[in-house]
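First the structure, in the form of structure tokens, and then the observations on it.
The values are calculated or read from the model by the stated rules, or taken from the named source; none is laboratory data. Keep in mind that what you see is a predicted model, and the values were worked out from it rather than measured. Neighbour counts run over all protein chains shown; Cβ positions are idealised from the backbone, glycine included.
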Amino acid sequence: MDWKMFQALLSGVNKYSTAFGRIWLSVVFVFRVMVYVVAAERVWGDEQKDFDCNTKQPGCPNVCYDYFFPISHIRLWALQLIFVTCPSLLVVMHVAYRDDREKKHQAKYGADAKLYNNTGKKHGGLWWTYLLSLFFKTAIEIVFLYLLHLIYDSFYLPRLVKCDIKPCPNQVDCYIGRPTEKKVFTYFMVGASAFCIVLNVCEIIYLISKRVTRIAHKIKSRDRIIALQHERCKDQDCNNCSLPMARLDLKLPFQVNEEIRASAPNLSSAA
């Protein structure tokens, strides 16, 4: 892959990530990819040549090596890094899809017409894409850690292994090359993977709590507006009902007095 294209992809992932996502990206591509490329490949190298058995029986060292190392650490980590970085690219592809829709919409309805306020803002479908990518990354990390634990007995590499698989004539002793150095790098890569899982879980909790807080704030604001509208309606009803009654109570005595005076003018003059 071209490094410029690779840098563009990384900058896109970093641009649309949260603070936890940026830390995760730094851990993956500094403490895992760089260690993998610079040191881990050299430590393992062609480990089958360093796997030495105390027999010259043809095929015995190959069979024993395949039994104790069904898949190499270095190749398993390469698969893990490939699979764990793919979900992050889904977010970049979703933003690119939004940008394309925005350009087509503006070309059809004018430059002022907008489908999205911000194509990179994590709302709607993009929020779900980002959240699902976090779940996928966490699941991939856990699966590969479990495979490494299952194949290599709790990530442990002994100096000596005993093999009695055919075509070995009897139980033979086989020695692993640079076991301490390989053990250190194994623990380092496992620790970096576990730290990435913690970052993913923290980011999932952060996104969900932020979404729940935003929804609760919207519901509270809506309830407040509805309560204010109810209070205004109640005040308006009270005013409409009380004002005519007050006016009626004030005008009714004067109307009676005027009718009495009109019907009996003598009484009004005598009074």
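Take the conditions (1) closer than 30 Å to residue 40 by Cα; (2) surrounded by fewer than 12 Cβ atoms within 10 Å (Cβ to Cβ); residue 76 misses just one of them, which is (2).
Is it the case that some residue within the stretch 84-107 is aromatic (Phe, Trp, Tyr), within 30 Å of residue 181 (Cα to Cα) and surrounded by 12 or more Cβ atoms within 10 Å (Cβ to Cβ)? Checking the stretch 84-107: not a single residue is aromatic (Phe, Trp, Tyr), within 30 Å of residue 181 (Cα to Cα) and surrounded by 12 or more Cβ atoms within 10 Å (Cβ to Cβ).
Scanning the stretch 70-117 for residues that are part of a loop (DSSP other than H, G, I, E, B) and closer than 30 Å to residue 215 by Cα yields 112, 113, 114, 115, 116, 117. Scanning the stretch 127-181 for residues that are more than 23 Å from residue 85 (Cα to Cα), touching a residue at least 40 places away in the same chain (Cβ under 8 Å) and of a type outside the set (Val, Ile, Thr) yields 152, 163, 166, 167, 168, 169, 173, 174, 175, 177, 178, 181. Exactly one residue out of 64, 53, 86 is in contact with a helix residue (DSSP H, G or I) (Cβ under 6 Å, 6 or more places away or on another chain) and not aromatic (Phe, Trp, Tyr), and it is 53.
Of a type in the set (Gly, Ala, Ser) and either at pLDDT 85 or above or surrounded by 12 or more Cβ atoms within 10 Å (Cβ to Cβ) (or both): is that true of residue 246 in this structure? Judged against the criteria, residue 246 is not a match. Only one of the listed residues (5, 34, 1) is of a type in the set (A, V, I, L, M, F, W, C), over 21 Å from residue 147 (Cβ atoms) and at pLDDT 75 or above. That residue is 34. Among the residues of the stretch 118-157, those identified as surrounded by fewer than 17 Cβ atoms within 10 Å (Cβ to Cβ) and not in a helix (DSSP H, G or I) are 118, 120, 121, 123, 124, 153, 154, 155, 156.
If only residues of the stretch 38-48 that are surrounded by fewer than 12 Cβ atoms within 10 Å (Cβ to Cβ) and assigned to a helix (DSSP H, G or I) are counted, the one that is modelled with the highest pLDDT is 38.
Among residues of the stretch 117-157 being over 14 Å from the mean Cα position of the chain (by Cα) and among the polar types (S, T, N, Q), the one that is farthest from residue 71 (Cα to Cα) is 117. Return only the number of the condition from (1) surrounded by 13 or more Cβ atoms within 10 Å (Cβ to Cβ); (2) under 28 Å from the mean Cα position of the chain (by Cα) that residue 183 does not satisfy. Residue 183 satisfies every listed condition except (2).
Do we find a residue being outside any loop (DSSP other than H, G, I, E, B), without any contact (Cβ under 8 Å) to a residue 24 or more places away in the chain, of a type in the set (S, T, N, Q) and surrounded by fewer than 13 Cβ atoms within 10 Å (Cβ to Cβ) anywhere in the stretch 11-20? Checked against the condition, which is being outside any loop (DSSP other than H, G, I, E, B), without any contact (Cβ under 8 Å) to a residue 24 or more places away in the chain, of a type in the set (S, T, N, Q) and surrounded by fewer than 13 Cβ atoms within 10 Å (Cβ to Cβ), the stretch 11-20 yields at least one hit. Among the residues making up the stretch 49-67, those that are surrounded by fewer than 18 Cβ atoms within 10 Å (Cβ to Cβ) and either out of contact with any strand residue (DSSP E or B) (no Cβ under 6 Å at 6 or more places or on another chain) or under 23 Å from residue 190 (Cα atoms) (or both) are 49, 50, 56, 57, 58, 59, 62, 63, 66, 67.
Given the structure, is residue 197 hydrophobic (A, V, I, L, M, F, W, C) and either surrounded by fewer than 16 Cβ atoms within 10 Å (Cβ to Cβ) or in contact with a Lys or Arg (Cβ under 7 Å, 6 or more places away or on another chain) (or both)? When the stated conditions are applied, residue 197 does not pass them.
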